[in-house]
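What follows draws every value from the coordinates through simple rules; no lab data is involved. Source: prediction; values computed, not measured. Using ideal geometry, Cβ is built from the backbone for each residue, glycine included, and neighbour counts are taken over all protein chains shown.
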């Protein structure tokens, strides 16, 4: 397969294939006069086809990629305006996140089959969103990165604002303003960096920075500017309150993408920029990040315990799990960084799946209120079994993908400061409390709400949506070495860069 | 990865569990039950020869490595099957009890509509437990540890329609997580200090640097004490020791075979196993060992006092289990790891026997569990009665020093003597707790036996008749015996096997676990010390004396003067014991209500008022302004908007791709 990929700008193809699908849908829409029956289904099929094709092409890229090689690979460079280049390339970190994105998007399209309002616009936005997300991970030029990074805001903003729930406008603006304000500071820092270093190429910038291009004082400011953006994206405490609102209002598939991929951009940013480019500043801020991470884990877990809305509960649990990621990243140890990357991938799958689980019952009953449900296992045994698996993944049970990330980030943290690891480990207790309580309230017991009497188990489409996620959760949980070996080179490079600056 | 019978022992139950669980709709209950039982039977058949080889043959230690689980910069866990004396003992305990429980459940669960699921869980539990005991590093141990935890959660909550069962399942899981909090930190500390989580490598590093310190800033401790202490927190959770014992009695909500397998014979002994496995660390950690001794001894006594006052037959046995686990821990704490393991071994037989016997009683009485509404069962259930009697004799450790006795006699007396002979921290305290608890054990065991089998049947005035059509049984026979039926043979047969163990396991294996051959038997599997043999006579005879005393008290209260027992049950001491020292109420107030209050505080005050109030809701006024305009987007504008965005993105991409074919590198 690797021969096939040679000579082709395969990353650009992976990135822009969904956008091509979007164009096709738009063209079809323009040529269609009136709404012919079956038209919406055609649009859905087209979107599904393009996302699956993207996944297949990304598999070719994956096959052509050599994880033993620590350099950026599959690179493409095209001169662009103002001395900047259109540059693409991936290392093992970026490649793994690209795979996560292309793997999840077709499942999101499947989960969007229930959308009835403005189907073609919805699908167009979704496909554009996929292009932008993949672009973030592939971009090797910092301006290009920024364009993709910010561009992703717009389709998500519209998806929440138009197809969302009752308070969608409030949620959409909260989401948009929070993330945009953070990013503007980052833009200023980027301009400064390009002006100083004379390049916008990310590998070149990294090299420049590691040769001491940015003095420790300058690093502090740059670090803070990037932090403002990434901390909101993660989201870290105390800038996390946009996430529960956004999740609650977003349509199911948008929630999946938000939790599974958009949040990962913050972690990716820390790993790509903050640690390798500003290692001195990262050292300075390590205690600060640790404090925020542990607070996030404890705070969000306890708040999750009190939620009455299923999606809000899962959103808060996401905040807690992202606390493990930031903690792991800033340990700068190989275990910590490996754990953080693993946790990002695993959280992508598990939280995505949990939002899909909520979507399944929401589609049937149109409420996310926990108290409405109860006893679902009686009528939906398959659903209950799948929901239980992902609940256990959320709890970090060994054997599911939730475990290796948590334990490795804590092992990393323990080496730096045992109390930080102990604080994070509290989350292990709380997560069991809120996740199992949610499960008990929704699935166990007897059906007391007469409206649930007719509720049906998973249909074929839902089966197809869940099975890949079930497999991914178990494979990553039982044989995490495959993933960890793959991401080893990136983790080592980041850890080395960080350790080099250790005072 | 190559085939080996040792790996098959561990994996066979997993395969069967997966089949029974995933395909239950297609293969049906009978096949699911047969498959799972057969798989555990296979493990049983394969594991006994290994054990026998260690006892009478040339058993040699070996590690079969299967695949790399996690391997990140020295934090390495290889999925392995480690066979040495310690794991061989556990293999036969787990597989024997598990197999018998599978067989018993065929009868016990005969009317349950979810039998396939039940058997799938049982086999999954067996797999997790086997992977725990055959681990070669701390992470695999933890994997099994959590695996049995989730199996326990699923089985306690097996009757998912019962709210109390669900609550008990969550309580068990969360309480265990509190222990796991310590356990996980212990694993991390071991890795940081010793550079490995493989048992042998870590222990060797610990021996090489016995005085290594660990800590943050000025606060520094001896590393080995910290590691040993943190690991023991995990053991306290899993083995239901004082402070973290609260989940075990509630776990009796699960079906009785589950209680016998998980909450008596196997899973709850995992903590003891782990302390013995890490015995080399505890040898070097006198403070942590002292802590183990004191917690174990306290549990032994505390649980026995609570056991005195319980009316639910299963809860009595559950507290008894808790108490016996305390014995095992203080044995390990004073360095008598072999005595701890021996008691684990014998206890598995007689406690499983008592639980399955109790299950037989409950089955015979149509799910009545309250001993106040039993009595007179000896006549209708003579076999169950005889088996329970054997279990009782074994539990109270009946035997004559110098002559011999039931299984518990050998192991429990060895523990009490070891505590007496030790100079470790808390050892003398443990000795007196052990002797006192032996008295109480005898009393509550006979109380159980008398209330259940002797006297006249006392029907339950609040009995809610279940709809199974057993009405004919509820008319009590005139001679005062209970309207019960003896259990079917498939349930009685496992009792016979366990009873044989409860009678003879002590006498047969004493020379190897504790006696003359112990040094050769244990080899290097656990730290082994030649025990004393010159105890004063009163120490040797004390257990028998208190046991007989307890028996006489029970006879007095429950056979001769039943009125006295009723009067006693009205006192405040009784209430204190009946309410389990009010642990549940205190924990509920501090932890459950505390977590709720804190969660509400963070949510409603922290997130809503402070963070949102100061931050985005100031901006929200602005957003309301925008929102009026945004609504327009919902018609056709959104489509224009996205179209413009798309054109830009696509033009850009097309340019890149076409240019890239030429310029791509």
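Counted over the protein assembly as shown with a bin width of 20 Å, the fraction of Cα pairs per bin, in whole percents, is 12, 40, 32, 14, 3, 0.
For chain A, what is the calculated [θ] at 222 nm in deg cm²/dmol (nearest 500), taking -39500 (n - 2.57) for each run of four or more DSSP H residues and dividing by its residue count? Provide the component values of the computation, followed by the final result.
Details: 23 runs with 369 residues, N = 503.
Computed ellipticity for chain A at 222 nm equals -24500 deg cm²/dmol.
Looking at the square roots a ≥ b ≥ c of the eigenvalues of the Cα gyration tensor of region B:1-113, which shape do they give, rounded for a/c under 1.5, prolate if a/b is larger than b/c, or oblate?
Working: a/c = 2.76, a/b = 1.45, b/c = 1.91.
Oblate, because a/c is 1.5 or more while a/b does not exceed b/c.
On average, how many beta carbons from a partner chain sit within 10 Å of the beta carbon of a residue in B:154-162? Numbers along the way, then the final one.
Details: counts 2, 0, 0, 4, 0, 1, 9, 7, 3.
Taking all residues of B:154-162 together, the mean is 3.
Remark: spin-label model distance residue A:192-residue A:479 equals 4.8 nm, labels positioned 7 Å along the Cα→Cβ axis. The radius of gyration of the Cα set in region A:159-210, together with its Dmax, comes out at 17.2, 49 angstrom.
The modelled label-to-label distance between residue B:559 and residue B:587, using points 7 Å beyond Cα along the C-beta direction, is 3.7 nm. Computed from the C-alpha gyration tensor, the three semi-axes of the ellipsoid equivalent to region A:381-425 are 29, 9, 5 Å, from longest to shortest. Report, to the nearest 10°, how far helix B:163-194 tilts away from the longest principal axis of the Cα atoms in chain B, using its own Cα long axis and a range of 0 to 90°. Approximately 80 degrees, to the nearest 10. With Cα atoms defining each centre, region A:314-383 and region B:215-257 are spaced 28 Å apart in the structure.
Over the residues of chain B, the helix contribution to mean residue ellipticity at 222 nm works out to -22000 deg cm²/dmol, using -39500 (n - 2.57) for each DSSP H run of at least 4.
Calculate the mean, over all residues of peptide A:17-26, of how many other protein chain Cβ atoms lie within 10 angstrom of the residue's Cβ.
Details: counts 2, 1, 7, 4, 0, 6, 6, 0, 1, 6.
What the average comes to for A:17-26 is 3.
From the P(r) of region A:261-315, could you give the percentage of C-alpha pairs in the tail past 18 Å? Kindly include the intermediate steps, with their values, before the conclusion.
Numbers: 766 of 1485 pairs.
Looking at region A:261-315, the distances longer than 18 Å represent 52 percent of pairs.
Computed over the alpha carbons of region B:257-315, Rg followed by Dmax gives 14.5, 43 Å. Computed over region B:191-286, the alpha-carbon pair-distance distribution with 5 angstrom bins reads 3, 13, 20, 19, 14, 12, 9, 7, 4, 1, 0, each value a whole percent. Working from Cα positions, state the angle (0 to 90°, nearest 10) between the long axis of helix B:5-22 and the longest principal axis of chain B. So the helix axis and the longest Cα principal axis differ by about 70 degrees. Extents of region A:110-205, largest first, come to 50, 26, 15 Å (Cα atoms, principal axes, whole angstrom). Directionally averaged projected area (region B:216-372, Cα convex hull): 9.2 nm². Using the Kirkwood formula on the Cα atoms of region A:68-116, what hydrodynamic radius do you get, in angstrom to one decimal? When all Cα pairs of region A:68-116 are included, the Kirkwood radius is 13.4 Å.
If you wrap region A:370-452's Cα atoms in a convex hull and average its projection over all directions, what's the area in nm²?
Numbers: hull surface 23.1 nm².
Hull-based average projected area comes out at 5.8 nm².
Dividing the Cα radius of gyration by the Kirkwood radius, what Rg/Rh value follows for region B:365-405? Could you put the intermediate results ahead of the total?
Working: Rg = 13.9 Å, Rh = 12.2 Å.
Here the Rg-to-Rh quotient is 1.14.
Coordinate range of the alpha-carbon atoms in region A:253-406 per principal axis, descending: 56, 27, 25 Å. Take the Cβ atoms of residue B:30 and residue B:489, set R0 to 25 Å, and the FRET efficiency comes out at 0.90.
Each peptide in A:251-262, B:364-375 gets a packing score, the mean of other Cβ atoms within 10 Å over its residues, and the list from highest to lowest is A:251-262, B:364-375.
Taking only the alpha-carbon positions of region B:285-361 and ignoring solvent, what does the Debye formula give for the base-10 log of I(q)/I(0) at q = 0.11, 0.25, 0.26 Å⁻¹? So the normalised log intensities are -0.31, -1.07, -1.11. Principal-axis analysis of the Cα atoms of chain B puts helix B:489-513 at an angle of about 80° to the longest axis. Beta bridges from DSSP with both residues in chain A: antiparallel share about 90 percent, rounded to the nearest 5. Here the residues B:568, B:328, B:252, ranked from fewest to most Cβ neighbours within 10 Å of their Cβ, fall in the order B:568, B:252, B:328.
With a ≥ b ≥ c the root eigenvalues of the C-alpha gyration tensor of region A:56-142, is it rounded (a/c under 1.5), prolate (a/b larger than b/c) or oblate? Walk me through the numbers on the way to the answer.
Details: a/c = 3.45, a/b = 1.57, b/c = 2.20.
Oblate, because a/c is 1.5 or more while a/b does not exceed b/c.
Dividing the alpha-carbon radius of gyration of region A:212-289 by 2.2 N^0.38 Å (N being the number of residues), what value is obtained?
Numbers: Rg = 14.5 Å, N = 78, 2.2 N^0.38 = 11.5 Å.
Taking N as the residue count of region A:212-289, the ratio is 1.26.
Listed by Cβ neighbour count within 10 Å, with the fewest neighbours leading, B:119, B:393 appear as B:393, B:119.
Shape call for region B:189-238 from the C-alpha gyration tensor, a ≥ b ≥ c root eigenvalues: rounded (a/c under 1.5), prolate (a/b greater than b/c) or oblate? Cα axes put region B:189-238 in the oblate bin.
Ranking of A:312, A:451, A:233 by neighbouring Cβ atoms within 10 Å, starting from the fewest: A:451, A:312, A:233. For chain B, the relative contact order is 12 percent, taking Cα pairs closer than 8 Å that sit 6 or more residues apart in sequence and dividing their mean separation by the residue count.
For region A:410-503, the spherically averaged projection of the C-alpha convex hull amounts to 10.1 nm².
Just need the Rg to Rh number for region B:83-135, please, alpha carbons only, Kirkwood Rh.
Numbers: Rg = 12.8 Å, Rh = 11.9 Å.
Ratio value, two decimals: 1.08.
The alpha carbon convex hull volume per residue for chain B rounds to 251 Å³.
If I model region B:129-171 as equal point scatterers sitting on the Cα atoms and use the Debye formula, what is log10 I(q)/I(0) at q = 0.21, 0.23 Å⁻¹? Values returned for q = 0.21, 0.23 Å⁻¹ are -0.62, -0.67. Neighbouring Cβ atoms from other chains, within 10 Å of the Cβ of residues in A:168-177, number 5 on average.
Hey, any idea what Rg/Rh is for chain A, computing Rh the Kirkwood way over Cα pairs?
Working: Rg = 21.8 Å, Rh = 22.7 Å.
When Rh is taken as the Kirkwood radius, the ratio is 0.96.
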